[in-house]
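The values are calculated or read from the model by the stated rules, or taken from the named source; none is laboratory data. Bear in mind that the values here come from a model prediction, so they are computed numbers and not experimental data. Cβ placement follows ideal geometry from the backbone for every residue including glycine, while neighbour counts extend to all protein chains displayed. Note: accessible area is taken over every heavy atom of the protein model, side chains too, but ligands, DNA and RNA are not part of it. Shrake-Rupley method; radii C 1.70, N 1.55, O 1.52, S 1.80 Å.
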Amino acid sequence: MVTRSEPTVIINARGEDRIRAGHPWIYQADVVSVHAEGGDTVAVRGPRGRTIGRGLFSDRSQIALRLLTHGEGPAGLDLWRDRMRSAIAFRRSLGINANACRLVHGEADLLPSFVVDEYGRHLVVQALSQGTGRLLPDLVSILVDELHPDGILARHDQRVRQLEGLDQSVDVLHGTIPDEVTIREGEIEFGVDLRRGQKTGLFLDQRENRAAARAYAQGRLLDCFSYHGSFALQLAPVCEGVEAVDVSDEAVTRLAQNALRNGLTNVEARVANVFDELRRLERAGEQFDMVVLDPPAFAKSKDAVDKAYAGYKEINLRALKLLRTGGILVTCTCSYHVSEAAFGEIVFDASTDAHASVTVLEKRMQARDHPVLLGVPETYYLKCFILRRVA
Ligand code: SAH
């Protein structure tokens with residue numbers, strides 16, 4: 001029941017339709033009236049007063065509401081605890097061969113705007129809306145009760161927090177966080193800086209794609225946009241030689257340290273812009289058995305899509321030209337603005353321009369600990385195709 005004192009937001013029919021179609025977000029434009037403060041968990045009512053459910057309200061973001069429940073049921077901390085338990089139990093059931101993974105993946109775990117990554121005995125959390133920002137102390141208590149971690153770090157340096165009018169900071173919320181934690185993925189160990197590393201330290205969402213790529217890896221490998229070497233080092237044990245390229249000095253230094261830590265002597269990391277490096281290698285007539293392309297999101301917004309397409313096409317075209325016949329291209333995009341179909345077209349265009357015949361071995365996505373919620377395209381962001389150049 002909606003009591004008189006309960007914070008309430010009334011939405012229009014279009015908003016109601018959107019919820020009915022399975023999407024948990026209501027945009028500001030579909031909000032009719034607000035009797036609540038930013039960060040409140042509110043009753044959401046339709047134009048005729050019907051209670052639609054309960055959700056998190058933001059008074060700053062374009063995303064005004066993130067729905068937690070449908071109908072009359074409560075949306076208190078018990079709900080958060082139950083859903084967190086279920087999210088964690090699901091990850092434990094996956095048999096992940098690593099001591100790092102995503103435990104809570106926001107909307108896809110019905111825990112909107114809340115993310116928890118596990119790095120060994122440490123957790124990194126992100127509260128990405130006013131609502132989860134407000135609930136954070138309670139959510140941290142739940143995590144402490146459930147998992148007894150040595151430390152919990154908030155990585156609140158994410159740009160999306162600005163859209164919510166929230167501050168940017170990196171804070172230890174519980175226990176201690178060392179300067180470096182040791183993470184194992186498969187048989188490879190990585191030194192990870194949870195405070196400063198990209199994302200929350202590692203690109204956990206590519207774990208299964210790295211394992212899939214390993215099944216085809218051999219000979220000479222080129223890992224483009226290599227960061228700390230997750231692909232390069234995972235594939236090095238089955239390759240003759242690995243060359244890794246990243247524009248960041250710091251990333252290349254850490255990659256070299258990680259190679260050393262694992263006793264891998266066949267990995268060479270260089271600081272370079274991939275766009276220049278691919279052209280240089282082509283001019284030099286170099287050939288590879290496998291190329292990995294794992295660029296940052298070129299399309300961070302809808303407006304940037306055209307330019308992003310050109311960028312994706314360029315690197316895929318150059319990479320295909322560097323492949324020997326029979327060689328494998330592992331190519332990724334992590335922009336959700338670039339759909340799987342659109343990415344397929346980009347790669348096809350690149351192959352025709354490269355005069356390459358290409359077969360599709362696998363169409364993959366983000367690892368299963370980063371689930372995709374059907375009906376919510378924003379949760380399907382990472383596409384990874386494994387292709388073979390047949391001629
Ligand atoms: N493959 C990595 C993640 C890559 S993240 C993994 O699985 O862990 C993207 C990387 O691309 C970042 O390290 C960034 O420094 C690098 N980068 C961005 N633009 C680049 C460019 N034009 N040339 C080379 N590296 C670039």
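If the requirement is being among the acidic types (Asp, Glu) and buried (at least 23 other Cβ atoms within 10 Å of the Cβ), which of these qualifies: 118, 107? Spell out how you get there, then give the answer.
On the way: 107 fails: buried (at least 23 other Cβ atoms within 10 Å of the Cβ).
Testing whether each residue is among the acidic types (Asp, Glu) and buried (at least 23 other Cβ atoms within 10 Å of the Cβ) leaves just 118.
Which residue pairs have Cβ atoms under 8 Å apart, sit 6 or more places apart or on different chains, and have a first residue in region 261-273 that is on the phi < 0 side of the Ramachandran plot and a second that is open to solvent by 60 Å² or more (accessible area, probe 1.4 Å) and assigned to a strand (DSSP E or B)?
261/189; 262/189
Being of a type in the set (Lys, Arg), touching a residue at least 24 places away in the same chain (Cβ under 8 Å) and open to solvent by 40 Å² or more (accessible area, probe 1.4 Å) is true for just one of 14, 50, 83. Which residue is that?
Values: 14 fails: touching a residue at least 24 places away in the same chain (Cβ under 8 Å); 50 fails: touching a residue at least 24 places away in the same chain (Cβ under 8 Å).
When all the criteria are applied, what remains is 83.
How about region 180-199: which of its residues are assigned to a loop (DSSP other than H, G, I, E, B) and within 12 Å of the ligand (Cβ to nearest atom)? So that I can check it myself, show each step before the final result.
Residues of region 180-199 that are assigned to a loop (DSSP other than H, G, I, E, B), as a first pass: 180, 186-187, 193-199.
Once the filter is applied, which keeps residues that are assigned to a loop (DSSP other than H, G, I, E, B) and within 12 Å of the ligand (Cβ to nearest atom), region 180-199 yields 197, 198, 199.
Within region 331-341, can one find any residue that is touching a Cys at 6+ places or on another chain (Cβ under 9 Å), of a type in the set (Ser, Thr, Tyr) and within 16 Å of the ligand (Cβ to nearest atom)?
Within region 331-341 (the criterion being touching a Cys at 6+ places or on another chain (Cβ under 9 Å), of a type in the set (Ser, Thr, Tyr) and within 16 Å of the ligand (Cβ to nearest atom)), the answer is yes, since at least one residue qualifies.
Being assigned to a loop (DSSP other than H, G, I, E, B) and within 23 Å of residue 107 (Cβ to Cβ) is the filter; apply it to region 336-361 and report the residue that is most open to solvent (accessible area, probe 1.4 Å).
First, pick out the residues of region 336-361 that are assigned to a loop (DSSP other than H, G, I, E, B): 336-339, 354-357.
Still in the running and within 23 Å of residue 107 (Cβ to Cβ): 336-339.
On the way: 336: 97, 337: 48, 338: 0, 339: 54 Å².
If we take residues in region 336-361 being assigned to a loop (DSSP other than H, G, I, E, B) and within 23 Å of residue 107 (Cβ to Cβ), then 336 is most open to solvent (accessible area, probe 1.4 Å).
Tell me whether region 149-170 contains one or more residues that are closer than 17 Å to residue 78 by Cα and buried (at least 23 other Cβ atoms within 10 Å of the Cβ).
Going residue by residue through region 149-170, those that are closer than 17 Å to residue 78 by Cα are none.
Within region 149-170, not a single residue is closer than 17 Å to residue 78 by Cα and buried (at least 23 other Cβ atoms within 10 Å of the Cβ).
Given the options 69, 41, 8, name the one that is among the hydroxyl-bearing types (Ser, Thr, Tyr), open to solvent by less than 20 Å² (accessible area, probe 1.4 Å) and within 25 Å of residue 116 (Cβ to Cβ). Full working, then the answer.
On the way: 41 fails: open to solvent by less than 20 Å² (accessible area, probe 1.4 Å); 8 fails: within 25 Å of residue 116 (Cβ to Cβ).
Checking each option against the conditions leaves just 69.
Can you tell which of 324, 368 is out of contact with any helix residue (DSSP H, G or I) (no Cβ under 9 Å at 6 or more places or on another chain) and basic (Lys, Arg)? Quick ask: steps written out before the conclusion?
On the way: 368 fails: out of contact with any helix residue (DSSP H, G or I) (no Cβ under 9 Å at 6 or more places or on another chain).
Among 324, 368, only 324 is out of contact with any helix residue (DSSP H, G or I) (no Cβ under 9 Å at 6 or more places or on another chain) and basic (Lys, Arg).
Please go through (1) closer than 24 Å to residue 21 by Cα; (2) within 17 Å of the chain's Cα centre (by Cα); (3) open to solvent by 20 Å² or more (accessible area, probe 1.4 Å) for residue 364 and return the number of the only condition it doesn't satisfy.
(1) is the only condition that residue 364 fails.
Can you name every one of the helices (runs of 4 or more DSSP H) wholly within region 227-330 that holds 3 or more residues which are of a type in the set (Gly, Ala, Ser), closer than 26 Å to residue 342 by Cα and open to solvent by less than 20 Å² (accessible area, probe 1.4 Å)?
On the way: elements: 230-235, 249-261, 274-283, 305-322.
Ranges flagged: 305-322.
State all residues of region 178-193 that are open to solvent by less than 50 Å² (accessible area, probe 1.4 Å) and in contact with a Lys or Arg (Cβ under 7 Å, 6 or more places away or on another chain); if no residue qualifies, say none.
Hits for region 178-193 are 185, 191.
Quick one: count up the residues across region 346-364 that are within 14 Å of residue 330 (Cβ to Cβ) and of a type in the set (Asp, Glu).
So the answer is 1.
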